[in-house]
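**Q** The following block contains the structure, expressed as structure tokens.
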């Protein structure tokens, strides 16, 4: 998170708190050159490292399973984008994390 520019840092700190609440043993790491969280040494959720507000759950299935919670947000098979004025909801993050957590544990 040290490499994240100040304007995005507050928004991403909230995401960090949600991740640690949902998966207390998540480890902060770097994945694909971006700040990320790992669980059981597998990528759980990635955060942007430059000028974007988005999350990367490393799973098209997690995004698809959370589609209803992501209504109104721009997303693709592996990325959910949001803005400072319209941050991703905690409930959407929780659902993404729960799905990804189950994927990691079923592998």
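**Q** Could you work out how much longer the chain between residue 25 and residue 42 gets when fully extended? Use 0.36 nm per residue separation minus the Cα distance between them, nm to one decimal.
**A** On the way: separation 17, 0.36 × 17 = 6.12 nm, distance 1.23 nm.
Stretched out fully, the residue 25 to residue 42 stretch lengthens by 4.9 nm.
**Q** Multiply the residue separation of residue 10 and residue 85 by 0.36 nm, subtract the distance between their alpha-carbon atoms, and state the gained length in nm to one decimal.
**A** Separation in residues times 0.36 nm, less the Cα-Cα distance, equals 25.7 nm.
**Q** Under the rule of -39500 (n - 2.57) per DSSP H run of 4 or more residues, summed and divided by the residues of the chain, what mean residue ellipticity at 222 nm is obtained, to the nearest 500 deg cm²/dmol?
**A** -12000 deg cm²/dmol
**Q** 7 Å from Cα along Cα→Cβ at both residue 32 and residue 77: what's the point-to-point distance in nm?
**A** 1.2 nm
**Q** Using alpha-carbon positions, what is the distance between the centroids of the stretch 15-58 and the stretch 71-107, in Å?
**A** Between the Cα centre of the stretch 15-58 and that of the stretch 71-107, the gap is 11 Å.
**Q** On to the next question. Please work out which option in (1) 1.51; (2) 0.96; (3) 1.23 gives Cα Rg over 2.2 N^0.38 Å calculated from these coordinates, and answer with its label.
**A** Of the labelled values, this structure produces (2).
**Q** Considering Cα pairs under 8 angstrom that are at least six residues apart, work out the relative contact order of the chain and quote it in whole percent.
**A** Values: 158 pairs, mean separation 26.3, N = 107.
Relative contact order, the chain: 25 percent.
None of the figures in this text is laboratory data; all of them are computed from the coordinates on show. Computed from a predicted structure; not experimentally measured. Here the Cβ is made from the backbone with ideal geometry for all residues, glycine too, and neighbour counts use every protein chain on show.
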